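Asks: Here's a structure for you.
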Amino acid sequence: MAAERRRRAGGDLSELLLRIREEGKDSIPQHPYLYEADVEISLVSSSCKSPVEKFWNGSSAVCILQKATHNKESDTLEESRADDDNAVYASEVLPKETPGALALPVGRAKQLISLYTMMQNPNMSYLGRSELVVLPPLWARCDGSDPQHTCWIGAEPLKAGSKVTGLNIYTVSCHGPTADKTRFANLEELKMEHKIRHHSSVVTTKGFARYELIAAAAMEDTISESGSNICVDITWNGVEKILETPPLVSAATLNIALESGDPRSPVFQLYRELQFLLALAEGLKMGETEWPEPSESESALKLVQEFLTDLKKKLDGDDIFGNKNETEKIKCDTAAVDSCIKSIFGERGELDFTEQLWCKMKNVSSYQELIDCFTLVIKSLERGEIQPWIHQGSSSFLSQLIQQSYHGKMEEVSLTDITPIQMLLEIGLEKMKKDYVNFFIGKSRSSLLFQDYFISTSVDLQEQVQRVQKLHHMLEIMVSCTGLLRFRHENLFPLTQICMKYYKENPLNEKHVFQLPIRPALVKKFYQNDNPEIWKVEISSGHGQKEVKTTWQVSTSAPVELGTSDNSGFFSDSTVNGSSEERLYFITTTQCSQVLFT
């Protein structure tokens, strides 16, 4: 009787997993499926963030099992789908309850893995299956109630063509956080345990360490919501001891995730200038502009008046912009970069009339003041009181008016509705594009391969603004790597190319992690005396599908999602001998065993 129930339960689970797999071929189901009233199963695609990705590197879609959540919505759905034999949809893909509340008892998780193993075994002919179909990998979230504090159990089919030859069974346990290093494993003991468990005489070891080089959350006076972080991942072979510092012959990858707008950034003033540009673009799109508070002691109107007056006085033919000292003053006033970054983001000369006008008007505080400023400019052009110089190729509407003024005839301009906003947005875009290009060509020496994309005028203004945003984000990254990590051209150039390639193909995403392969020696001074955020050793034996691994890891953050219920076994004292100054680590062990069917 018990065997029959087990056979039926295994068949139901197999049918449900196959149904989930089939329905997930076109798109991932938006709701989890219910199995035997107490378990819900969600399909996570290979392209989505997986709750088991930190300790399983599989590339296929995976089924996640956890405790079912019961609510009125799921009850209603269950009634409405009564014709489904074994499964109904619940309310969400991954419910928002705490992971601890969703964890299954370890015994129940093992039972489900056992059923899964039985249904994948081609030798179980008495089950009456005409054809064995490979099921998707399965992972069950556990509550850590056993002595080993098991938090996940997983099963992954081993295949030879379309035939299942066995399973990899994974067990993940987690302890901590703790600062007590006496609880850390001994490497030789780990290797010996692996050899005994897998009957292997030879093992290899591979190390991994992650160090945070620049962590915004750890910086003084940093806004806690910031997601900026620069860290380095290092891998090496032949680990000699637990928590060893990676050798310089290791492979290293720099991971950069940087959010713009840090007030301490050397290009923060340029960021503020960009924010005003964005406000204009939003106003142009929505019909209502949110004017920023003026940041200068003098109003934009007064600055424009003084600017035009100076030009009128200096209108003597060839010497339009006055003497060298005055030109230097203009450049200094319009560089929009902090003095400490001038060696990185050089001030550029030869700002034309529209660029200088933008620098005066970027502090305009109302729509009326905007109209008044442009009224002064247009009247001065109409009267021939100024003959400003503009860059060749400038395509803004104001530049067209200036070119017309050279011939003594200008079209009438109605400064109403969105016209003045668009005029200011156009000259701001042109000026800022040249600012960024000045850096990327002059400092990082990037080719124009992708620059044409970023400075193109063949797309609408809104798209141009978005591309300028991308340029600024890239600039923030370059400035951080130059100013904080002391990067030189040979490192900036490939990083710039990586950023440009990503942003030519993707929308703005300040959460994206840009990755740059580097030599560890380049950043060693930043981590050699620091504790790692993650350190792990991977012990392996066997080859191909018969390869098995044991992974031991310490990390400053929990590698698994821990809730507030049913997981008291995961936590221990966070201090040692009353001291809270030691780095606290979670200890995670992942073990793999194989079940072979042939």
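The values are calculated or read from the model by the stated rules, or taken from the named source; none is laboratory data. Quick caveat, the model's predicted, so the values are computed rather than measured. Methodologically, a virtual Cβ is constructed for each residue, glycine included, from the backbone with ideal geometry; neighbour enumeration extends over all protein chains shown. Side chains are part of the model used for accessible areas, which takes the heavy atoms of the whole protein and leaves out ligands, DNA and RNA. Shrake-Rupley method; radii C 1.70, N 1.55, O 1.52, S 1.80 Å.
Asks: What do you reckon, is Ser480 of a type in the set (Gly, Ala, Ser), open to solvent by less than 50 Å² (accessible area, probe 1.4 Å) and part of a helix (DSSP H, G or I)?
Replies: Judged against the criteria, Ser480 is a match.
Asks: Quick one: what pairs do we get from the range 422-442, first residue within 12 Å of Arg467 (Cα to Cα) and at pLDDT below 95, second part of a helix (DSSP H, G or I) and open to solvent by 10 Å² or more (accessible area, probe 1.4 Å), C-beta under 6 Å, 6+ apart or different chains?
Replies: Lys433/Ile455
Asks: Does Leu34 meet the test of being at negative phi, buried (at least 21 other Cβ atoms within 10 Å of the Cβ) and among the aliphatic types (A, V, I, L, M)?
Replies: Values: at negative phi: yes; buried (at least 21 other Cβ atoms within 10 Å of the Cβ): yes; among the aliphatic types (A, V, I, L, M): yes.
When the stated conditions are applied, Leu34 passes them.
Asks: Which of the residues that make up the range 233-253 are open to solvent by less than 40 Å² (accessible area, probe 1.4 Å) and either in contact with a Phe, Trp or Tyr (Cβ under 8 Å, 6 or more places away or on another chain) or free of Cβ contacts under 8 Å to residues at least 40 places away in the same chain (or both)?
Replies: So in the range 233-253, the residues open to solvent by less than 40 Å² (accessible area, probe 1.4 Å) come out as 233-234, 236, 239, 242, 244, 246, 250, 252.
Correct list: Asp233, Ile234, Trp236, Ile242, Glu244, Pro246, Ser250.
Asks: Within the range 148-163, does at least one residue satisfy the condition of being under 25 Å from Val62 (Cα atoms), touching a helix residue (DSSP H, G or I) at 6+ places or on another chain (Cβ under 9 Å) and acidic (Asp, Glu)? Can you show your working first?
Replies: Initial filter on the range 148-163 (under 25 Å from Val62 (Cα atoms)): 148-163.
Among the residues that remain, those that are also touching a helix residue (DSSP H, G or I) at 6+ places or on another chain (Cβ under 9 Å) are: 148-155, 157-160.
Filter again for acidic (Asp, Glu), leaving none.
No, because not a single residue in the range 148-163 is under 25 Å from Val62 (Cα atoms), touching a helix residue (DSSP H, G or I) at 6+ places or on another chain (Cβ under 9 Å) and acidic (Asp, Glu).
Asks: From the list Met478, Met474, Met500, which one is more than 19 Å from Ile214 (Cβ to Cβ) and touching a Ser or Thr at 6+ places or on another chain (Cβ under 8 Å)? Even if it seems obvious, please write down each step before you answer.
Replies: Values: Met478 fails: more than 19 Å from Ile214 (Cβ to Cβ); Met474 fails: more than 19 Å from Ile214 (Cβ to Cβ).
The unique qualifying residue is Met500.
Asks: Quick check on my filter: what residues within the range 499-517 are among the aliphatic types (A, V, I, L, M) and modelled with pLDDT under 95? Working first, answer last.
Replies: Taking the range 499-517 and keeping what is among the aliphatic types (A, V, I, L, M), we get 500, 508, 513, 516.
Answer for the range 499-517, where residues must be among the aliphatic types (A, V, I, L, M) and modelled with pLDDT under 95: just Met500.
Asks: Now for a different question. Residue by residue through the range 515-547, note down the ones that are part of a strand (DSSP E or B) and open to solvent by 40 Å² or more (accessible area, probe 1.4 Å). Show your work before the answer.
Replies: If we filter the range 515-547 for residues that are part of a strand (DSSP E or B), which is where we start, we get 515-518, 534-541.
Result: Gln515, Pro517, Lys536, Glu538.
Asks: Take the residues of the range 6-63 that are among the hydrophobic types (A, V, I, L, M, F, W, C) and part of a loop (DSSP other than H, G, I, E, B): which is farthest from Pro157 (Cα to Cα)? Steps first, answer last, please.
Replies: First pass over the range 6-63, keeping only residues among the hydrophobic types (A, V, I, L, M, F, W, C): 9, 13, 16-18, 20, 28, 34, 37, 39, 41, 43-44, 48, 52, 55-56, 61-63.
Narrowing further to those that are part of a loop (DSSP other than H, G, I, E, B): 28, 37, 48, 52, 55-56, 61.
On the way: Ile28: 21, Ala37: 26, Cys48: 21, Val52: 16, Phe55: 17, Trp56: 13, Ala61: 13 Å.
Here the residue is Ala37.
Asks: Yes or no: Pro266 loosely packed, with under 15 Cβ neighbours inside 10 Å, of a type outside the set (A, V, I, L, M) and in a loop (DSSP other than H, G, I, E, B)?
Replies: Details: loosely packed, with under 15 Cβ neighbours inside 10 Å: no; of a type outside the set (A, V, I, L, M): yes; in a loop (DSSP other than H, G, I, E, B): yes.
No.
Asks: Restricting to the range 529-546, count the residues that are at pLDDT below 90 and more than 26 Å from the chain's Cα centre (by Cα).
Replies: Number satisfying all stated conditions: 5.
Asks: How many residues are part of a helix (DSSP H, G or I) and under 16 Å from Met432 (Cβ atoms) if we restrict to the range 354-368? Show your work before the answer.
Replies: Let us first name the residues in the range 354-368 that are part of a helix (DSSP H, G or I), namely 354-361, 367-368.
Next cut, under 16 Å from Met432 (Cβ atoms) only: 354-361.
Qualifying residue count for the region: 8.
Asks: Residues being of a type in the set (Gly, Ala, Ser) and open to solvent by 20 Å² or more (accessible area, probe 1.4 Å): count how many of those fall in the range 385-425. If you could, list the steps in order and put the result at the bottom.
Replies: Quick first cut of the range 385-425, residues of a type in the set (Gly, Ala, Ser) only: 393-396, 399, 405, 408, 414.
Adding the requirement that they be open to solvent by 20 Å² or more (accessible area, probe 1.4 Å) leaves 393, 395, 405, 408, 414.
Number satisfying all stated conditions: 5.
Asks: Could you tell me how many of the residues in the range 22-54 are under 30 Å from Thr550 (Cβ atoms) and either among the hydroxyl-bearing types (Ser, Thr, Tyr) or touching a residue at least 12 places away in the same chain (Cβ under 8 Å) (or both)?
Replies: Of the residues in the range 22-54, the ones under 30 Å from Thr550 (Cβ atoms) are 39, 41-54.
Subsequent filtering for residues that are either among the hydroxyl-bearing types (Ser, Thr, Tyr) or touching a residue at least 12 places away in the same chain (Cβ under 8 Å) (or both) retains 39, 41-48, 50-52, 54.
Going through the range 22-54 one residue at a time, the tally reaches 13.
Asks: Considering Glu581, Glu561, Glu490, which residue is modelled with pLDDT under 90, at negative phi, exposed (fewer than 13 other Cβ atoms within 10 Å of the Cβ) and not in a helix (DSSP H, G or I)?
Replies: Values: Glu561 fails: exposed (fewer than 13 other Cβ atoms within 10 Å of the Cβ); Glu490 fails: not in a helix (DSSP H, G or I).
Being modelled with pLDDT under 90, at negative phi, exposed (fewer than 13 other Cβ atoms within 10 Å of the Cβ) and not in a helix (DSSP H, G or I) holds for just one of Glu581, Glu561, Glu490, which is Glu581.
Asks: Looking at the range 90-121, which of its residues are modelled with pLDDT under 90 and surrounded by fewer than 14 Cβ atoms within 10 Å (Cβ to Cβ)? Talk me through it step by step, then tell me what you get.
Replies: Start the filter on the range 90-121 by keeping residues that are modelled with pLDDT under 90, which leaves 90-102, 118-121.
Selection gives Lys96 alone.
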